[in-house]
Ligand code: SAH
């Protein structure tokens, strides 16, 4: 057993099986043993890589998209915030790419919401010289116009998982079996929160909810609805949660999420519909496949421009990065982007308006 598994087993012995969301939160953020709390998972020896780490083009295009949205809303004094900034690469690329946007660097301050002390240090190093402040939660963001961005943040927030049984639901909980932690199911019970899912699920279907995402979206919505701004959220997932998407990555490979708590990265697909509903006071764009968004923002021209100065291995690496970000078999369609703006405000460039169904493009 890992040290964290032993600690959780003692807790379960005292107070009974844990919700999956409590288990996930401990595995990721326990101050002594949590996955994010103790390491930089994006480092050279890390378990995964993300769009901003693959190529500077991602942050440059997202940065210009946000800056154009800021110009479209009158270029106010504003907060530019990122949740879960990892190594700070996306924000550093945004900040560099927006240098030429008149007034942007004078009127915008940077706000980073980060739980991990290890990653906060990495972000501070990347953003040296920029007007940046760190916060524990979105509630600490200034009451001001807000441009908000998050890449692969919501997939790291703890989920609850339910299996439909008749008109009730059995919740996945974590208990102890012999020397191991193992998942189990509660007896079926009706659940008000999932009443609206009875219409589109059948017996045995699995539905996931992300309770921690709701207050985050509400805090963002309040500021953007009251003062202006926009949110751009990129992650893997879809418009409607259905099926088991809880997964563990350890040493670059899929792993049993209950085998080595604290040593694996645990994630779940993001339910973008739930994010849009939690920010009900804002209008949502269509859910854009990442490849389509980056193409609409001009990644082809940017990739060609950068390729001009490159040759040999560097050129090959650049071309592979372009493919990885945009291609349907890579991140191009699994990853999605959603924009939220005050009702009546223009969507950020690159984003298509929601269809009548309000779902995917
Ligand atoms: N956005 C980055 C990193 C993604 S990894 C990138 O694209 O490279 C997830 C990030 O979210 C990490 O920075 C992690 O420490 C942070 N994080 C996870 N849960 C969090 C929480 N509850 N509050 C704040 N930050 C959190």
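Worth a mention:
- Members of the stretch 345-361 found to be at pLDDT 95 or above and loosely packed, with under 15 Cβ neighbours inside 10 Å, listed by number: 346, 353
- Between 249, 233, 220, the distinction of being surrounded by 13 or more Cβ atoms within 10 Å (Cβ to Cβ) and closer than 26 Å to residue 11 by Cα belongs to 249 only.
- Cβ pairs under 7 Å, 6+ apart, first in the stretch 20-36 and in the same structural domain as residue 184 (by TED's automatic domain parsing) and free of Cβ contacts under 8 Å to residues at least 12 places away in the same chain, second near the ligand (Cβ under 9 Å from one of its atoms) and assigned to a helix (DSSP H, G or I): 31/37
- Boolean, residue 222 is at pLDDT 95 or above, within 16 Å of the ligand (Cβ to nearest atom) and closer than 30 Å to residue 294 by Cα: no
- Residue check, residue 111 away from the ligand (no atom under 16 Å from the Cβ) and either without any contact (Cβ under 8 Å) to a residue 60 or more places away in the chain or surrounded by 15 or more Cβ atoms within 10 Å (Cβ to Cβ) (or both): no
- Per the conditions (1) touching a residue at least 40 places away in the same chain (Cβ under 8 Å); (2) out of contact with any helix residue (DSSP H, G or I) (no Cβ under 6 Å at 6 or more places or on another chain); (3) more than 30 Å from residue 344 (Cβ to Cβ), the sole criterion not satisfied by residue 283 is (3).
- Any hit, the stretch 55-63, residues being at pLDDT 95 or above and within 10 Å of the ligand (Cβ to nearest atom): yes
- Residue 122 vs. criteria within 14 Å of the ligand (Cβ to nearest atom) and surrounded by 15 or more Cβ atoms within 10 Å (Cβ to Cβ): yes
- Matching residues in the stretch 302-344 - criterion: being surrounded by fewer than 18 Cβ atoms within 10 Å (Cβ to Cβ) and in contact with a strand residue (DSSP E or B) (Cβ under 7 Å, 6 or more places away or on another chain): 333, 334, 343
- Looking across the stretch 7-54, the residues that are more than 15 Å from the ligand (Cβ to nearest atom) and in a helix (DSSP H, G or I) come down to 7, 8, 9, 10, 11, 12, 13, 14, 15, 20.
- Any hit, the stretch 196-205, residues being surrounded by fewer than 16 Cβ atoms within 10 Å (Cβ to Cβ), without any contact (Cβ under 8 Å) to a residue 40 or more places away in the chain and within 30 Å of residue 9 (Cα to Cα): no
- Pairs, first more than 6 Å from the ligand (Cβ to nearest atom) in the stretch 79-95, second in a strand (DSSP E or B) and at pLDDT below 95, C-beta under 9 Å, six or more apart: none
- Residue 226 meets each of the listed conditions (1) closer than 22 Å to residue 30 by Cβ; (2) part of a helix (DSSP H, G or I) apart from (1).
- In the stretch 135-169, the residues that are free of Cβ contacts under 8 Å to residues at least 60 places away in the same chain, surrounded by fewer than 18 Cβ atoms within 10 Å (Cβ to Cβ) and more than 16 Å from the ligand (Cβ to nearest atom): 165, 166, 167, 168
The values are calculated or read from the model by the stated rules, or taken from the named source; none is laboratory data. It should be emphasised that the depicted structure is a prediction, and the values quoted were computed from it without experimental measurement. Note that each Cβ is placed from the backbone with ideal geometry, even for glycine, and that neighbours are counted across all protein chains shown.
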